[in-house]
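This report concerns only the one structure given below.
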Amino acid sequence: MIWGKRFKSVVVMSTRSDQAGPELHILKGKGTTAGKIQALLSGQGFTPEIGSTSSSDRARLLEALLAEEPHEVTELILNTGMSEHEYRQVGLCLEVLREQDVLVICLDDKANHKDKVGVSLHDRRLREMLSGWEQDQKWGAVMSFKGASERSQQIARLDDPTVCLLNAAFTLGGSQFPQRMFSSGMNNAEQTLSGFGWMK
């Protein structure tokens, strides 16, 4: 989010565990943003398919969240089961969208999780994990070793949809701790919206 900046397009990034790879869905508009995302991800070895769908749930959610209606809405659905590095690579290559009048919302929809328990975004464990990632980034930026062998990429596969999405959001937000945390009750059915915000 960039305070005071208007956006023309919105990208909703989510996760789903029952698919083999990233998918792009054009929810509204001509698909210009979807084409940009596909090109950016393809440059990093990902090959997302593009399809057109309509989602009344997403439309209602964005209507409640946003003050103005965007010209384009695209959803990028990431599969679970990739490595931490791969999720961060997705966020890193999409960071450029934030400078192109695109608002990116990472949406962890608890209703779609297999284990409905999940964790709250106010959970201390998640905040400590994000803080640890930020410290790792700072150390990595200042330290270098001459002649060191190529660092082995993490090969552990992530299956927690929240952690998968947070890894992408972290690099999308400039690899720093989120500047805002928010929580809001949505309706009387005990549905709430809570999360982190990265600002520029």
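Here is how the numbers come out for the structure above:
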read-out: Residue list for the range 8-22, filter: surrounded by fewer than 18 Cβ atoms within 10 Å (Cβ to Cβ) and either within 15 Å of the chain's Cα centre (by Cα) or under 15 Å from C164 (Cα atoms) (or both); value: R16, S17, D18, Q19, A20, G21
read-out: Test result for L94, at pLDDT below 80, under 28 Å from D57 (Cα atoms) and buried (at least 18 other Cβ atoms within 10 Å of the Cβ); value: no
read-out: Among residues of the range 98-123, those that are in a helix (DSSP H, G or I), open to solvent by 70 Å² or more (accessible area, probe 1.4 Å) and modelled with pLDDT of 75 or more, counted; value: 1
read-out: Filtered residues of the range 81-91 (kept if in a helix (DSSP H, G or I) and open to solvent by 20 Å² or more (accessible area, probe 1.4 Å)); value: E84, H85, E86, R88, Q89
read-out: Qualifying positions in the range 30-42 - surrounded by fewer than 19 Cβ atoms within 10 Å (Cβ to Cβ) and either among the β-branched types (V, I, T) or part of a helix (DSSP H, G or I) (or both); value: T32, G35, K36, A39, L40, S42
read-out: Options L65, L78, L27; residue that is open to solvent by 20 Å² or more (accessible area, probe 1.4 Å) and under 20 Å from W198 (Cβ atoms); value: L65
read-out: Scope the range 43-66; condition at pLDDT 80 or above and in a loop (DSSP other than H, G, I, E, B); matching residues; value: G43, Q44, G45, F46, T47, P48, L66
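The values are calculated or read from the model by the stated rules, or taken from the named source; none is laboratory data. Just so it is clear, the structure is predicted and the values come from calculations on it, not from any experiment. Cβ: placed from backbone, ideal geometry, glycine included. Neighbour counts: every protein chain shown. Ligands, DNA and RNA are excluded from the accessible area calculation, which covers all protein heavy atoms including side chains. Shrake-Rupley method; radii C 1.70, N 1.55, O 1.52, S 1.80 Å.
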